[in-house]
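Presented below is the structure to which this report refers.
The values are calculated or read from the model by the stated rules, or taken from the named source; none is laboratory data. It should be emphasised that the depicted structure is a prediction, and the values quoted were computed from it without experimental measurement. FYI the Cβ positions are ideal-geometry reconstructions off the backbone, even for glycines, and counts take in every protein chain you see. Heavy atoms of the whole protein, side chains included, go into the accessibility calculation; ligands, DNA and RNA do not. Shrake-Rupley method; radii C 1.70, N 1.55, O 1.52, S 1.80 Å.
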Amino acid sequence: MSNNAKFLGLRHTADLRALGFLLVQTLLMVGLWTGAFRNIFAWYAVAWLAVIATNIKHNHMHHRFFRGAFLNLLLEHWLGLLTGTTCTSIITEHNLRHHGHPNDENDFVRAGLVGFRAQWINVLCFYPRAAWELFVHKPLDFKIWWRTNRKLFWRGVAEQVTLWGTFAVLLMFNWKATLLYVALPWLHGQWWLITFGLFQHQDLDGEDPWQNSRNITGRCFNWFFFNIGYHTAHHLRPALHWSELPAYHAREVVPRIDPRLVSPNLWRFYADWFTRRSMPTFAVQP
């Protein structure tokens, strides 16, 4: 571990890169909102940095970045402000439901929520359909946590106050800048992360741990998106730090997975999904 990582209290040196991305996104959002600079390129960068931040939040909620509890709490408040959703809010639908019941009726973001023949319609409809499923069927976390885990209850309340309190203040001072430079990047990050789950799981067997996810092994994609491409490995070992997923994929997943579920880059991944070439024989065909 590097001296910088030790100084910051990080458990893994690799997470210095994640903190760097979050810092850049913060500076760009502040610059855009205040008017210090405003151009389409900076806005586009923030929109994709919001996607990266949602992946960082996902990784953090499986494997905490810092050794100390207080620094982890600060990071979670920061991540909420960069993504538009709190860290505690994803515990039920992602950590418990998606990983505990992948792609079945108990999974609020299961790929089966859409089933159109045209894949582009599935892409357009999946995020609003998943949002509706969460709104209608997800239990109220705070009511459960009040009875079972008061510490998590107050942690969740504090995150909500930070996120929506800050958003309300920003709206009061400049509602147009807040919607354009804060809310829209949030929405882009959330839409992309949720919809990417459709790409990764559609028509695959959720009960088969080796064949329930599509994977991207490209180095460039995984560098920017913190190894989210190694999705089978992540489902098999969700608590494994993201930096260790490629080695686990090569050692354990490659000998067992259908090769049609492994793409060398994002563009091949999209091409195989849209043309349904990555629908193996065990998949349920529409």
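For the chain, the alpha-carbon radius of gyration amounts to 1.01 times the rule-of-thumb value 2.2 N^0.38 Å expected for a compact globular protein. Entry note: the range 1-133 has Rg to Rh equal to 1.04, where both radii use alpha-carbon atoms and Rh is the Kirkwood radius.
Taking 41 Å as R0, compute the FRET efficiency from the Cβ-Cβ separation of V30 and V136 and round it to 0.05.
For R0 = 41 Å, the calculated efficiency reads 0.65.
Selection among Y181, P139, L163 by position relative to the dipole of the range 46-205 gives L163 as farthest towards the positive end (Cβ unit charges, Cα centre).
Of interest is the spacing of the C-alpha centroids, which for the range 240-278 and the range 20-35 amounts to 33 Å.
Each other residue within a Cβ distance under 14 Å of N72 adds +1 if Lys or Arg and -1 if Asp or Glu, for a net charge of +3. Once the Cα atoms are used to define both axes, helix 150-173 deviates from the longest principal axis of the chain by about 70 degrees.
The 3J(HN,Hα) values that the Karplus relation (6.51, -1.76, 1.60; θ = phi - 60°) gives for the range 194-209 are, in residue order, 5, 5, 5, x, 5, 4, 6, 10, 4, 6, 10, 7, x, 8, 9, x Hz. Gly and Pro appear as x. Considering only A233, A271, A247, the residue lying farthest towards the positive end of the dipole of the range 211-286 is A271, judged by Cα position with unit charges set on Cβ. One chain, two ends: A168 and L8. Fully extended at 0.36 nm per residue, the span grows by 54.5 nm beyond their Cα-Cα distance. For the chain, take the longest principal axis of its alpha carbons; what is the angle in degrees between that and the long axis of helix 15-34, to the nearest 10 within 0 to 90? The answer is roughly 60 degrees. The charge dipole of the chain, taken about its Cα centre with unit charges on the Cβ of Lys, Arg, Asp and Glu (plus for the first two, minus for the last two), comes to roughly 540 debye. Placing pseudo-labels 7 Å out from each Cα toward the beta carbon at R147 and V254 gives an inter-label distance of 4.9 nm.
Taking the accessible area of the range 136-286, probe 1.4 Å, and keeping the other protein chains in place, the carbon and sulfur fraction comes to 64%. Residue ranges 220-232, 129-141 sort as 220-232, 129-141 when ordered by packing (mean number of other C-beta atoms within 10 Å per residue, highest first). Seen from Q202, the other residues with C-beta closer than 15 Å to its C-beta sum to a net charge of 0, counting Lys and Arg as +1 and Asp and Glu as -1.
Overall, the range 45-204 carries a charge dipole of about 400 debye about its Cα centre when +1 sits on the Cβ of Lys and Arg and -1 on the Cβ of Asp and Glu, all other atoms neutral.
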